[in-house]
1. Take GLU27 and decide whether it is assigned to a helix (DSSP H, G or I), among the acidic types (Asp, Glu) and open to solvent by 90 Å² or more (accessible area, probe 1.4 Å).
2. Tell me which residues, restricted to the stretch 55-64, are open to solvent by less than 80 Å² (accessible area, probe 1.4 Å) and at pLDDT 85 or above.
3. Being of a type in the set (A, V, I, L, M), modelled with pLDDT under 85, part of a helix (DSSP H, G or I) and loosely packed, with under 10 Cβ neighbours inside 10 Å narrows it down to one of LEU6, LEU48, so name that one.
4. List pairs: first in the stretch 79-102 and in contact (Cβ under 8 Å) with a residue 40 or more places away in the chain, second open to solvent by less than 70 Å² (accessible area, probe 1.4 Å) and assigned to a helix (DSSP H, G or I), Cβ under 6 Å, 6+ apart or cross-chain?
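The values are calculated or read from the model by the stated rules, or taken from the named source; none is laboratory data. Nothing here was measured: the structure is a model prediction, and the numbers come from that model. Cβ placement follows ideal geometry from the backbone for every residue including glycine, while neighbour counts extend to all protein chains displayed. In case anyone asks, the SASA skips ligands and DNA or RNA and just uses the protein heavy atoms, side chains included. Shrake-Rupley method; radii C 1.70, N 1.55, O 1.52, S 1.80 Å.
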Amino acid sequence: MTTHELRAELDAALQTRKELGKEYEAEIIDSFLTKLDHQLDVKLDARLAEEPRRRGGGSPQQKLQGLSLMMAIPLSGIAGGTGGITGLIVCWAGIVGVNLAGALANKR
């Protein structure tokens, strides 16, 4: 429902109120508010449906990849500092393993 249509509905409600009198005022207002509420629900649903696209929300796999790369820096430093090259290899094997498991789970 466009703004123009909503204004027409409000005008119709006001005209109906003039014709029927105060006795039906509550019902007329409730009817208009129900239509307005429905229109707001439709607009909100449309906005929520496009929200992930607007925020650039990626897939869970992309989020996992980004998180694992972010964590790779401090984990590499800790593993390399305490375990040397062996610790670094184990650390990166774990990072690759997590990403591989995520990719395989995503394909299922």
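1. Values: assigned to a helix (DSSP H, G or I): yes; among the acidic types (Asp, Glu): yes; open to solvent by 90 Å² or more (accessible area, probe 1.4 Å): yes.
So GLU27 fits the description; yes.
2. Keep residues of the stretch 55-64 that are open to solvent by less than 80 Å² (accessible area, probe 1.4 Å), which gives 56-59, 61, 64.
Selection gives LEU64 alone.
3. Details: LEU6 fails: loosely packed, with under 10 Cβ neighbours inside 10 Å.
Going through LEU6, LEU48 in turn, just one is of a type in the set (A, V, I, L, M), modelled with pLDDT under 85, part of a helix (DSSP H, G or I) and loosely packed, with under 10 Cβ neighbours inside 10 Å: LEU48.
4. GLY102/GLN61; GLY102/LEU64
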